[in-house]
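Accompanying notes for the structure given below.
Rule-based calculations on the coordinates, nothing more; no lab input. Owing to the predicted nature of the structure, the values given are computational and were not obtained by experimental measurement. Virtual Cβ from ideal backbone geometry, glycine too; neighbours counted across all protein chains shown.
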Amino acid sequence: MNTKKKRLIVRATLVVAYVLAIAVVFVTGKEHTLLIDNMEVDEGRIAAFEEVLVSIDGRESVEYYADDRDMTVLKGQTHRIVIEDEISGTKVEREFKIPLDEDMVILYLPKVASGEEPYVERFVPLELESMPEDDGEIDTGFLSDPSPDAEVVP
Amino acid sequence: MKGLPKSAIVLLVVAFALSSTNVFAGPAYHIGICTETVSQAEDDLRGAEQLIKEYGAVSEGGIIQHITYPDDFMSQQETVISNLVALADDPLMKAIVTCNALPGVAEAYKRIRAKRPDILLLAALPAEDPLVIQKAADLVVDLDFVSRGYTIVWGAKQLGAETFVHISFPRHMSYETLGRRRAIMEAACNDLGLKFVFETAPDPTSDVGISGAQQFILEKVPQYLQKYGPKGEKVALFCTNDAQTEPLIQQIIASKNGIFVEPDTASPLMGFPGALGLDLSAEKGDFPAIVAKIEKAIVAKGASGRLGTWSYSTGFSLTAGMGELAKRVLDGKAKLTKVQDIYSAIGKYTPGAQWNGALYTDMSTGVKAKNELLVYMDTYVFGKGYLGSTKVKIPAKYALIKR
Amino acid sequence: MSSIKQYLADFGWPRIIIFFFLLSLFVAAPFFGVRLDNSLADVLNRFGQNGIFVLAMVPMIQSGCGLNFGLSLGIIAGLIGALLSIQAGLVGALGFAGAIAMAAPFAVLFGWAYGRILNKVKGEEMTIAMYVGFASVMFMCIMWIILPFDSPTMIWGYGGKGLRTTISLESFYKRVLNDFLAIRMTPSAIIPTGELLFFSLCIYLMWSFLRTKTGTAMTAVGSNPDFARASGVSTDRMRTLSVIISTFLGAVGILVYQQSYGFLQLYTAPLQMPFAAVAAILIGGASVNKGSMLNVVVGTFLFQGLLTMTPSVINSALQTDMSEVIRLIVSNGIIIYALTRKLKVTK
Amino acid sequence: MSGKYTVKRFLSENAVIITFIVITVIAIPSSQLSANYIIQEMITRLGRNSFLVLALLLPIYAGMGLNFGMSLGAMAGQVGLILAVNWRISGIEGLLFAALVGTPIAVVVGWICGSILNRAKGREMVTSYMLAFFINGIYQFVVLYVMGMVIPIRSPAILLSRGYGIRNTLNLESVRQSLDTAWMLTIGPFSVPVVTFLVIASLCLFIVWFKRTKLGQDMRAVGYDMVVAEAAGIPVDRTRAISIVVSTVLACLGQIIFLQNMGNMATYNAHDQTSFFAVAAILVGGASVKKASLPNVFIGVVLLHLLFVISPRAGQNFFGSAMIGEYFRQFIGYGAIALSLVLYASKARREAVRVREVQYGHGGGKKAAGEAR
């Protein structure tokens, strides 16, 4: 009985450890798409940067101008962002978290700089329905030049 | 066993030494062409041979290096990739063309690009996801599955069909382009007043083999025709697999009410010569003459005005055309992604035929790809003439149909 | 009563289950718009078309060589015969007979060599047979390209050399057996009498062969090698003979198959053909070392019935493409079942 | 024993290796590939394929022949990878996740496979071959219908537009070569995936260690003679099943390593040829149905893949046709397996005859020898 119990405990521990291992790699390996947005917020309430250097998780800085939107892929949930305004010379450094179950989030640079929460939001892609339903034909503007000696086949 | 590895190593080293002694002389660059074997896709292979005829094979001091995929390319991606990467081993290699860019080509192109960024990478008729292959290749040309989804159904209507039967199987429906085209066809049928039917056939790559799959078509087509056209109403049939096209054509010719607008990989050589048992040795290489001969045979069998195809072979003209384009670009005579340059290179092998097409537009983002061109040609109906499908206006909504 | 029970046990539950499954498919067919007459005609046609392949399994099973996974060799011999017949310009029944006649020497030669190999590897025949078959199919792929056939119907239309993947038999001997005494049941369903008669003839010949002195000796070699040796029968000779017969039947089988089908298929087409025949005879209740004519007939009918009916009925019923996958699972599952089950009997 | 006899014996024992070396030596120059390319390709392929070939060893020790059922494990690994891609778990973690998810599946199918093979003693190879077909059907059913219908698939990039089923080819961008590039050592013109080789080396150590354990010893005993092992109190069926389970799990991990290097997965076909290539490699390396060692694995991988790399081009330059090269390569692959199986089986038979000769004396020996002829 005792050995049986012992064995059961060992086995249960192993199973738990296994599941835990899956959970760990799941959390640490999870990839998220991050859209980096440098547009004005709420029609000018917070202005966009004219020219800004952004570095995430110590990667090489990327330069953004007003109205830029970029896409990058991040691994894990907690990240550090460094924003350097090239015009004013100010430097902001922040840590942000991406929820585990979000595949695609958008980060507003102006909000990060002004410290307004939340500066990371879930990204809702453009709905297909919003696309024009009926605007004429498919653009087949690429008709090849018909050769003059047309009739190929009798 | 003991002495073996040592002597083996010595021998291999000697062999290596011999291998690196080859000296190239002659042309300034080489162009690699990869097609399927003759048993999988004759047209593509003949396109490559046409290029060899014009520009010579590398082994004979020319510029074309032609290789083929393994026959069972799906199971042997390792070979697909390494054969393509091996092309980049040649320092003079400046462009690689794959016609039927099968699964694995994108990965191979990625590896080639990492090693040799100077090589132009062209892919025709890709099997991989558009976004994946667009990223890997410099230029992608595919059949316009969006437009054809509409024009084929439209063509069936022109020929008097009341029902449209789409024959395929799960593996093919797992291709994004084929699956979407099926959905477009279904929608087009609804709009044009045809009845759409989906029929499943066995997959030729499964255990029944090509023969079992063809056998199925041979047996079932007369039944379909009877089931969907019991009073002799015309029924159009379309199948996505090339191997199944031949028995399909044969049964449609034998029937009274079958319609066949065009094969999936449209070509006069696709299915017709085999189904009709034609001897084309005299017409070898002359597509107009081949079409004329097929037409004669079909009219003689009383199937005039019921079967069609393109007047030139897709595989042949795209393979040869892409090779020609690569050469023109390397010679500085053309720009790789300029549409008229692409048409003019392909047009060299399709004199007199008109192509139509559009740049690929991604459905979810609405972004137009700069390097993927979708093309199609007019349908030629035997005993009737051209249908004019390149001039049909296609409503824009079909481009958004997903499933 | 007990004899019925015994008979059922002999017949085996898998067969009974498959039989009822098939029956239910036939019953269900009309409700889903699948025509019964056509289905029945198709099953009969395939029955005659594939039966000889299945029959080809019998001699090797009897002589203890196991299942002939290397049937492709016989198929290749048949293809060579067919090509020679076309090349010689023979048509109609003469073309068919000519093809068999010309395939025969190749079948005997291949069978003899193949038999010699199998004699060297007793106990491992099946695995080796499979790879011998694969290798020879690939070798012939090269041969089809370079052999100097030049009849225009056979070679590539465009290239002008090398054999096509499929060659139409339209103007040669297409359906020469099928159309012999064919009975038209309904406007669209035809019973291929000639084909069925030919198959019956083959079965009868095999049946009577197994009852000759040589035939019994062959069975003895398979079922009781020590006894056979003691009575002075040469095991190796008998085994080789059985392989030759099997290979020859493979050659005839492909010719029957193709006259019905209408096309000659080269290149990798023969690669998977043996598996269908193996599955069929196992479904028929044969074991790795015992097979009868009844097994052949029942097995071919059930297997081909399943092959014909599942896609058409299940697709119409479920409106999905799932039947392909179901068929894959069922037919391979039965082969495995047969491979595992019979051990109890032999051991 | 004369010298002539040993030469003959040496030739017959190593016939497959010798044949391969001869063909390769003839073919390398005519392939016109550079030595750099070929060597780099060999390094890559060793890293990619060795693990899979190593998976064949244990069943051979246990006397179950070549485990054609290893593609079962490969399928389990693929399911793991599909899920990793689905949940966007990238890099090494993605591979670990795939391995952790794939392993239990591999254990289950491996156990099923082992139990079935126990009921088909003496026909293990054919049965495992057919079993792979059977499980392939189930795999297709799961991946094509269950995924998306029952198992939620959230990544639209891998889901078919129709709403269920996984796409035909899977782009493994997120885990692509993450094991290989974790530490890529550049030696001259060559890059060596160190971590991959470390993983392979640790598997070799594991196999060496395993052979010395009680279970490993049992396995060899079972492989040598089942009846004797049974009499000695070894649970024969259980031991055999365990060898298959371990083999299946290793195949699962091996397939993950293979696919991370390929960067691309043919969802419905990637496992088709797994066992074919692995079996061909180990046989070409000089192993037999009953006897295999670690060197066989590596010699085999190098020789087989060397030929695979050069034969398409060599065949083309040799015959002047691109198609023939490809057919030739496949012919060589199948032919090598057939040849080595034949050679081994006939040798085993000769030995059996020799044993009988000793047992029955000359009269019986003659008769037996006559039969063998």
Which of the listed residues, A:MET104, A:ILE87, A:TYR64, is farthest toward the dipole's positive end in the stretch A:51-119, when Lys, Arg count +1 and Asp, Glu count -1 at the beta-carbon?
A:MET104
Antiparallel content of DSSP bridges confined to the protein assembly as shown, in %, to 5:
55
Show me, for the stretch D:95-108, the HN-Hα J-couplings you get by feeding each phi into the Karplus relation (A = 6.51, B = -1.76, C = 1.60, θ = phi - 60°), rounded to Hz, glycine and proline as x.
5, 4, 4, 4, 5, 5, 6, x, 4, x, 4, 5, 4, 5
Antiparallel DSSP beta bridges within the stretch A:32-125, as percent of all bridges there, nearest 5:
85
Relative contact order for chain C: what percent, with Cα pairs under 8 Å and sequence separation of 6 or more?
31
Ignoring everything except DSSP H segments at least 4 long, calculate the 222 nm mean residue ellipticity for the protein assembly as shown; use -39,500 (n - 2.57) per segment, divide by total residues, nearest 500.
-18500 deg cm²/dmol
Size of electric dipole in the stretch B:216-364: Cβ of Lys, Arg +1 and of Asp, Glu -1, about Cα centre, debye, nearest 20
280
Among the stretch C:98-126, those whose backbone N falls under 13 Å of a label point 7 Å along Cα→Cβ from C:PHE149 are C:99, C:103
About the Cα centre of the stretch C:196-299, what is the dipole size in debye to 20, counting +1 per Lys and Arg Cβ and -1 per Asp and Glu Cβ, all else neutral?
220
Roughly how big is the protein assembly as shown's charge dipole about its Cα centre, with Cβ charges of +1 (Lys, Arg) and -1 (Asp, Glu), in debye to the nearest 20?
7100
With θ set to phi - 60° and the Karplus curve 6.51 cos²θ - 1.76 cosθ + 1.60, what are the ³J(HN,Hα) couplings of the stretch B:86-95 in order, to the nearest whole Hz, using x for Gly and Pro?
4, 4, 6, 6, 7, x, 8, 5, 10, 8
Loop only per DSSP, at most 15 neighbouring Cβ atoms within 10 Å: give me the trypsin sites (Lys or Arg not before Pro) in the stretch C:140-246, ordered by residue number.
C:LYS161, C:ARG211
Where a ≥ b ≥ c are the square roots of the eigenvalues of the C-alpha gyration tensor, would you call the stretch C:131-175 rounded, which needs a/c under 1.5, or, failing that, prolate if a/b is larger than b/c, or oblate?
oblate
Shape verdict for the stretch D:51-284, please, from the Cα gyration tensor: rounded (a/c under 1.5), prolate (a/b greater than b/c) or oblate.
oblate
Which one, D:LYS347, D:LYS211, D:LYS290, has the greatest fluctuation when you compute a Gaussian network model over chain D with C-alpha springs under 10 angstrom?
D:LYS347
Which order do D:HIS271, D:HIS305 fall in if you start with the one that has the fewest other Cβ atoms within 10 Å?
D:HIS305, D:HIS271
Signed unit charges on C-beta, dipole axis of the protein assembly as shown, positive-most listed residue C:VAL221, C:GLY92, C:LEU181:
C:VAL221
Highest GNM mean-square fluctuation among C:ALA277, C:ALA230, C:ALA317, for chain C with Cα springs under 10 Å, belongs to C:ALA230
Distance between modelled label sites at A:ALA23 and B:GLU60, nm, 7 Å Cα→Cβ extension:
7.0
Relative contact order, percent, of the stretch D:51-284 when contacts are C-alpha pairs under 8 Å separated by at least 6 residues?
41
Once the dipole of the stretch C:48-271 is set up with Lys and Arg at +1 and Asp and Glu at -1 on Cβ about the Cα centre, which of C:LEU249, C:MET143, C:SER231 lies farthest towards its positive end?
C:SER231
Count, for each residue of B:127-138, the Cβ atoms from other chains sitting within 10 Å of its Cβ, then give me the mean as a whole number.
2
Between C:ASP179 and C:TRP13, what is 0.36 nm times their sequence separation minus the Cα-Cα distance? Round to one decimal in nm.
56.1 nm
Counting only residues 5 or more places away or on other chains, whose amide H sits under 5 Å from the amide H of B:ILE259 once H atoms are built in the peptide plane?
B:VAL235, B:ALA236, B:LEU237
Checked against a 32 Å limit on the C-alpha separation, the offending pairs among B:LYS53/B:LYS384; B:LYS234/B:LYS368; B:LYS293/C:LYS174; B:LYS53/B:LYS391; B:LYS110/D:LYS290; B:LYS293/B:LYS370 are B:LYS53/B:LYS384; B:LYS234/B:LYS368; B:LYS53/B:LYS391; B:LYS110/D:LYS290; B:LYS293/B:LYS370
Kindly identify the stretch B:253-403 as rounded, prolate or oblate by the Cα gyration tensor criterion: order the square roots of the eigenvalues as a ≥ b ≥ c, call it rounded if a/c is under 1.5, otherwise compare a/b with b/c, prolate if a/b is larger, else oblate.
oblate
Select from chain C the helices, each a whole stretch of DSSP H, whose alpha-carbon atoms run 20 Å or more along the helix axis and whose Kyte-Doolittle mean is at least 1.6; answer none if there are none.
C:13-28, C:72-87, C:125-146, C:293-309
